[in-house]
Each structure stands twice: as structure tokens, then as C-alpha cells.
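Coordinate-derived values only; no laboratory data. In this text the structure is predicted, and so the values were computed from the model without any measurement. Neighbour counts are summed over all protein chains in view; Cβ atoms, including those assigned to glycine, are modelled from backbone coordinates with ideal geometry.
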Amino acid sequence: MLCLLAGLLAWWELRDDGAQLAAASVQKSAPDSAKSETDTPVSGKDRQMEPANAALAPAPVPASPGPKITAGEVKAGPRFKRAYMLSIDKGAVSFLESQDIEGDFATDREQLDGSPGMLRCRLVSATDAVLAEEVLPAPDYVCTVLDHNSKPLTLNPQRPVVFQVRLPRVKGASRLNIYRIIQPGEQPLEGLLASIPLPSS
């Protein structure tokens, strides 16, 4: 009888030890499983797809500034001229003033051939050599119309007309001659309106 009781007691103690070992093994396996879940590698399907040529694309290079263009490279023609202010009153021309000017003066404008009534302005030397010239529309011919009877009607200004002529700055110019074109041609007929002396330049 005593042997039977001792056997039951030993079995009971062994049962309690087995239960404690099982509980300890369960607690130890729980953090290991959690760690395995966090360390699981992401499959190729779950990764964000990147372009195959992303690593081969060159880095953007900032655009380099182009060559600087100075004003002298883009502007053609003589930049320096002299403007003469003149007044004409009933065919009489008088000099008012002159002024040196600078700018980008166009050189592709066609030179006027000259028509009757237009003015030809010439810079001449002391020996009457032509240094520069410019043809201008007649500033004192305000308007010319034809009525229904085909009779010409000319409206003349009631006061002097001020106009300007721009000529190159040339050395040796001694006079500014103003002519009225009477008949154009290879040997035009012109009438001298004024010969204005100029200061030595």
C-alpha cells in the first residue's frame, strides 16, 4: 500500500515538471516567431518597380551661358552722325543748329532717286568736293491734290517749316549746300537754295 502511494506521488510531481517545461517552451518560441515575421524578406512582387535604365540615365547638366554679344557686333552701319536743323520759308533756307547724335542707323534703306521739288543736301569741302549727301522729301510741299476738273491744287504752309537732315561726320566739310531738284536724271537740273558755312571739324 505504501509503495502504491509513493508511486502516485512521484507521478504527480513529474506531471507538474512537464507542464512547467511546456509553458516555458511556448513563451520562448513566441518572440522568435515575431522576429521571423519582421525579418522575412520582401518578395519581388511586393517591391516597388524601378526603371531598368534609372541607373544609366545621366545627371542633368546645367546649360552653359552663350557667348556674350556686344553692341558693336549686332549693330551695323555708322553709329555717329550730325543732325542739322534747318528752316525753309518760301524757298529760303536758314540754318538753326547742329547736334552730334549716336545710334543704330539703318543702312539698307534705298536712297531716294529724287523727284522735282525734293531737296538734295550735300556736304562739300573747301574745293567743292562732295563728301556726303542726302535726298529729302520737300518739307514745304504740304499737300498736292487734284480736283474733279484735273487742275492741280497746291497748299503752301503759312509759316516757316523746320526740318532735319542727318549726315555722316566727315573731316574737311566746310559747307552744307541745299539744292532744290528741278529735273532728275543722270545730269539733274538743280537750283541752289542755300550754302551754309560750317565750323572746321
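The C-beta contact set for the stretch 173-191 (first residue more than 14 Å from Ser115 (Cβ to Cβ), second residue among the small types (Gly, Ala, Ser), distance under 7 angstrom, 6+ apart or interchain) comprises Ala173/Ser125; Ala173/Ser201; Ser174/Ser125; Ser174/Ala126; Arg175/Ser195; Asn177/Ser195; Ile178/Ala194.
Hey, can you tell me all the residues within the stretch 183-200 that are surrounded by fewer than 13 Cβ atoms within 10 Å (Cβ to Cβ) and either within 43 Å of the chain's Cα centre (by Cα) or in a strand (DSSP E or B) (or both)?
The answer is Gln183, Leu189, Gly191, Leu192, Pro197, Pro199, Ser200.
Counting the residues of the stretch 165-182 that are surrounded by 14 or more Cβ atoms within 10 Å (Cβ to Cβ) and either in a strand (DSSP E or B) or basic (Lys, Arg) (or both) gives 12.
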